[in-house]
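Inspection log for the structure reproduced underneath, given as structure tokens.
The values are calculated or read from the model by the stated rules, or taken from the named source; none is laboratory data. Because the structure is a prediction, the values reported are computed rather than measured. Glycine also receives a Cβ, built like all others from the backbone with ideal geometry; neighbour counts cover every protein chain displayed. Quick note on the areas: whole protein, heavy atoms, side chains included, nothing else; ligands and nucleic acids left out. Shrake-Rupley method; radii C 1.70, N 1.55, O 1.52, S 1.80 Å.
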Amino acid sequence: MTVHPAPQPPRIMTGGLTFLFAVAGGAAVGNLYWAQPLLGFIAGDLHASTAVTGWLVTASQIGYAIGILLFVPLGDVLDRRRLIPLMLLASAVTLVLCALAPSFWTLLAAISLLGVTTVTGQLLTPLAGDLAVEAERGHVVGTVTSGILTGILVSRTISGLVAEFAGWRAIFAAAAVVAVSLAVLLHRRIPALEPKTRLPYLRLMASVFSVVRRERVVRWTLLLGGTGFAIFTMFWTSLTFLLSSPPFEYPVSVIGLFGLAGLAGALAARRAGRLHDRGWSLPATGAAWALVLASFAVALFAGRSVVLVLVVVVLVDVAIQALNILNQARIFAVSDEARSRLNTAFVTGNFIGGAIGSAAAVVLWSVGEWQAVSVAGMVLSGLALTIWAIGRRGALVPS
């Protein structure tokens, strides 16, 4: 089938629409983390062990990876004014199933489907890039991405507070209402867009891999992105171990509040998109990796100081989230026609890195606890700095 040139969509990415995209993306990705601080509540209510309920988080993450691969590439071949609200409504249905689940196994199945359907944020991000004018694309993408990252950070805190007063089912029911409301708003605000290309589904899926194979800048950026997300998940997983152990021994409700410190980092990193728009993407990337390295150097001395822990949380989040925004903007510059497929590759690469980072945190903690994690963070960020130094001479420069 003939591939037609990508039509140019109208450039209507206003501040209000950018904010709506950021909120919708954050709300969607937050669905993956509602259950994380509530495992004890759920275990008691559904008569399951806490160890078994831990599979709820894993199941939602696996579902999310499947959903990204199955649905996000469709953003390049379908009208997203219809596709995005449809995905939100599908996630609302699965949220209701979670709220009504009579048993653990029913909840496990429902939360797996929730992961598959809650990919709206990864459809909105490339759409934001399409609708933005060239001079503001990095800023717009950065704002939407910051909304998604903010959803990751604050969802645990919101979930714990809601469950404390209304039970664990209430957060899923409330999230369903939010999803339906956002579906209506987005259907009204997203312009009707012609498909950017026309490909059969199987060829569309194959083209995700072909664009990665064809574009060197994509491969190098995916490597840096996966490394950054591995460090991010390694840090946050290890931080839970640190704060629940002596000398801190904080309860879960207090540990969740540390996500608010990370939120400050997310808001500060939003300006990273402006650096891309001004042509400073590669220097800013190197500076962000240097900040990651410095953060873990500070972390070496933070094992017994809550003040230093908070400093490290903010620094790590500013750096990693700035890197995420810069990497995504650089990848989107490769092709107007294939942004949804490029985003599929980007998020999948991050997800693989994140899974490796979480697993590494468990191993490192068992070997040398916080000190081992801090040294590993320094080693990985030093490696990434080396890759950046080599790649900035050509491999990381979009052709």
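Using a 1.4 angstrom probe on heavy atoms only, work out the carbon and sulfur share of the accessible area of the stretch 79-213 in %.
Working: 3770 of 5340 Å².
Accessible surface attributable to carbon and sulfur in the stretch 79-213 totals 71 percent.
Using alpha-carbon pairs under 8 Å, 6+ residues apart, how would you state the relative contact order of the stretch 151-285 in percent?
On the way: 39 pairs, mean separation 46.7, N = 135.
That works out to 35 percent.
Going toward the positive end of the dipole of the chain, with +1 on Lys and Arg Cβ and -1 on Asp and Glu Cβ, which of 319, 99, 377 do you reach last?
319
Please report, in debye to the nearest 20, how large the charge dipole of the chain is about its Cα centre when each Lys and Arg carries +1 at its beta carbon and each Asp and Glu carries -1 there.
On the way: 26 positive and 15 negative charges, 203 e Å.
For this selection, approximately 980 debye.
Which of the listed residues, 57, 301, 387, is farthest toward the dipole's positive end in the chain, when Lys, Arg count +1 and Asp, Glu count -1 at the beta-carbon?
It is 387, whose Cα lies furthest towards the positive end.
Please compute the contact order of the chain in relative form: average sequence separation of alpha-carbon pairs under 8 Å and at least six residues apart, divided by the residue count, as a percent.
Details: 678 pairs, mean separation 98.3, N = 399.
Over the chain, the number comes to 25 percent.
I'd like the FRET efficiency for residue 397 and residue 210, computed as 1/(1 + (r/R0)^6) with the beta carbon distance as r and R0 of 25 Å, rounded to 0.05.
On the way: r = 21 Å, r/R0 = 0.84.
Computed FRET efficiency for residue 397 and residue 210 comes out at 0.75.
How much length is gained on full extension from residue 287 to residue 177, taking 0.36 nm per residue of separation minus their Cα-Cα distance? Don't skip to the end; give the middle numbers.
On the way: separation 110, 0.36 × 110 = 39.60 nm, distance 4.13 nm.
Working it through step by step, the gained length comes to 35.5 nm.
I'd like to know which of 116, 205, 48 lies farthest towards the positive end of the charge dipole of the chain, counting +1 on Cβ of Lys and Arg and -1 on Cβ of Asp and Glu.
The Cα lying farthest towards the positive end belongs to 205.
Report the extension gain between residue 93 and residue 248 in nm, rounded to one decimal, defined as 0.36 nm multiplied by the number of residues separating them, less their alpha carbon distance.
Values: separation 155, 0.36 × 155 = 55.80 nm, distance 4.01 nm.
Value of the extension gain: 51.8 nm.
Could you check how much of the accessible area of the stretch 230-327 is carbon and sulfur, as a whole percent, using a 1.4 Å probe?
Working: 2750 of 3900 Å².
With neighbouring chains kept in place, the figure for the stretch 230-327 is 70 percent.
What accessible area per residue comes out for the chain, rounded to a whole number of Å², with a 1.4 Å probe?
Working: 16230 Å² over 399 residues.
So the chain comes to 41 Å² accessible per residue, rounded to a whole number.
Students often get this wrong, so try it: which of (i) 126; (ii) 143; (iii) 168 is volume of the Cα convex hull per residue in Å³ as calculated from the structure shown?
After the calculation, the listed value that fits is (i).
For residue 45, tell me the accessible area in Å² from a 1.4 Å probe, rounded to the nearest 10.
Only protein atoms counted, so the area is about 70 Å².
Counting helices only, and only those DSSP H runs with n ≥ 4, report the 222 nm mean residue ellipticity of the chain as the sum of -39,500 (n - 2.57) divided by its residues, in deg cm²/dmol to the nearest 500.
The per-residue figure over the chain is -26500 deg cm²/dmol.
Give the calculated FRET efficiency between residue 105 and residue 170 to the nearest 0.05, with a Förster radius of 25 Å applied to their Cβ-Cβ distance.
On the way: r = 21 Å, r/R0 = 0.86.
Here the calculated transfer efficiency is 0.70.
Just the accessible area for residue 187, please: 1.4 Å probe, Å², rounded to the nearest 10?
Around 80 Å² of this residue is reachable by solvent.
Taking a point 7 angstrom from the Cα of residue 304 along the C-beta vector, which residues in the stretch 229-258 have backbone N less than 18 Å away?
242-250
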